[in-house]
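Okay, so here's the structure we're looking at.
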Amino acid sequence: MKKIESSETLKKLICIVTISMAVTGILFIPQIMFSRVKLSKTQENESIDIAKTDLVSTTNNKTLPKTTSRNGEDVRSSAKDAETVTETQENKEETKNDVKENNKKEAKKESKTVETKKKTESSKKSNTVKKDSKKKVTKKESKKEEKKENSDSKKTAKAEQEKNSSKNDTKKTTEKKDSSKNETTTKKENKKSTTKTVSISQVKISRNMNLTKRTGLSRKDFIKLMSGVRADTSGFFEKNAGKIYDLCEKYSINEIFFCGLISAESGWNIASNHRRTHNYISLMRNGKLISYGSVNEGLEVAAQKLHYNYLTPGGKFYHGKTLAGVKTCFCPSSSWVGLVYGRMKQII
């Protein structure tokens, strides 16, 4: 019974030992595996660090990074390592670009400062130039003012000389005018002396006389002659004798003929229609007497028409300077010449 019990206890012990051994073995195996995994990870990290250093050293030559394994074989790095490398390169390029931009900014700042300095210098120079130019201008203005003063003084002297000369000239002109007046008066007197004045008793008329020849009477004598005409019952010829004399002198018409024509056409008493129209020699238009504004206008037009149309060669109605010549177009009636000549006789 004791052997059996001892064998059972041994079995139990063996079972316990085996179980304990199994348990300890099971626990030890994962520890070993874990340690191996740690070793592999450390080796991998070491290889990555080596590859990074190789990459950093080979960036200037632009070669791909390589890793050396334990067996000495070259192995390409993974895509992640390449990405990290490219990121580092990009960062370096960015830093370089930043540096370049900073350098450019600094250069721009320096150029701006240089430009501002240049501008300030140029402004200073321009101010100095302006000041110099102002000084020159002031000098020029002073010179101009001096010249103006000199010129003004010269002008005043010239003006005084001109005034004196003008006074002398005016004196000369007045003297000349006086001398010319004296000469004209002497000439007129000589003309008067040469043109013989005719007395009223010496005035002669005829049927075939030249109607452009004057009587030779003076103005006073003619007025005296017309004031003594008994046929002038209205006093028209006596009142206008001076005007008639001046018009006959202006247009070269015989005074006796002009008065005889007016009395033949308007009557000694001056008919009402002629008096109203101031038309004294029966100038017609469309079968009616032309009306004029005043006595002077009517007498002026009458003398003018006679001179230019009837008594001047080349006139519209010129046929001679006699009564018969004027009759041709003025009044075709056969008794007209006798009528006008009869009125002329009444005056003399």
So if each residue of separation counts as 0.36 nm, and I subtract the Cα-Cα distance between Glu249 and Leu10, what length gain in nm does that give?
66.2 nm
Run the simple label-point estimate for Thr197 and Asn102 please: 7 Å along Cα→C-beta, distance reported in nm.
13.2
Is the shape of the range 196-335 rounded, prolate or oblate, going by the alpha carbon gyration tensor and its root eigenvalues a ≥ b ≥ c, with a/c under 1.5 for rounded and a/b larger than b/c for prolate?
oblate
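I'd like the trypsin sites (Lys or Arg not before Pro) in the range 200-275 restricted to DSSP loop residues with at most 12 other Cβ atoms within 10 Å, sorted by number. Each step should come with its number before you reach the end.
Values: sites: Lys204, Arg207, Lys213, Arg214, Arg219, Lys220, Lys224, Arg230, Lys239, Lys243, Lys250, Arg275; in loops: Lys204, Arg207, Lys213, Arg214, Arg230.
Passing sites in the range 200-275 are Lys204, Arg207, Lys213, Arg230.
Kindly flag which residue pairs out of Lys204/Lys327; Lys220/Lys345; Lys243/Lys345; Lys250/Lys288 have an alpha-carbon separation exceeding 26 Å in this structure.
Numbers: Lys204/Lys327 21 Å; Lys220/Lys345 20 Å; Lys243/Lys345 21 Å; Lys250/Lys288 28 Å.
Over 26 Å Cα-Cα: Lys250/Lys288.
So if each residue of separation counts as 0.36 nm, and I subtract the Cα-Cα distance between Ile348 and Ala324, what length gain in nm does that give? Display every interim value, and only then the final one.
Values: separation 24, 0.36 × 24 = 8.64 nm, distance 2.07 nm.
In short, 6.6 nm is gained.
The numbers here are math on the coordinates, done by the rules we state, and not lab data. Computed from a prediction, not measured in an experiment: that's the story for all the values here. Heads up, the Cβs are rebuilt from the backbone with ideal geometry, glycines too, and the neighbour counts pull from every protein chain shown.
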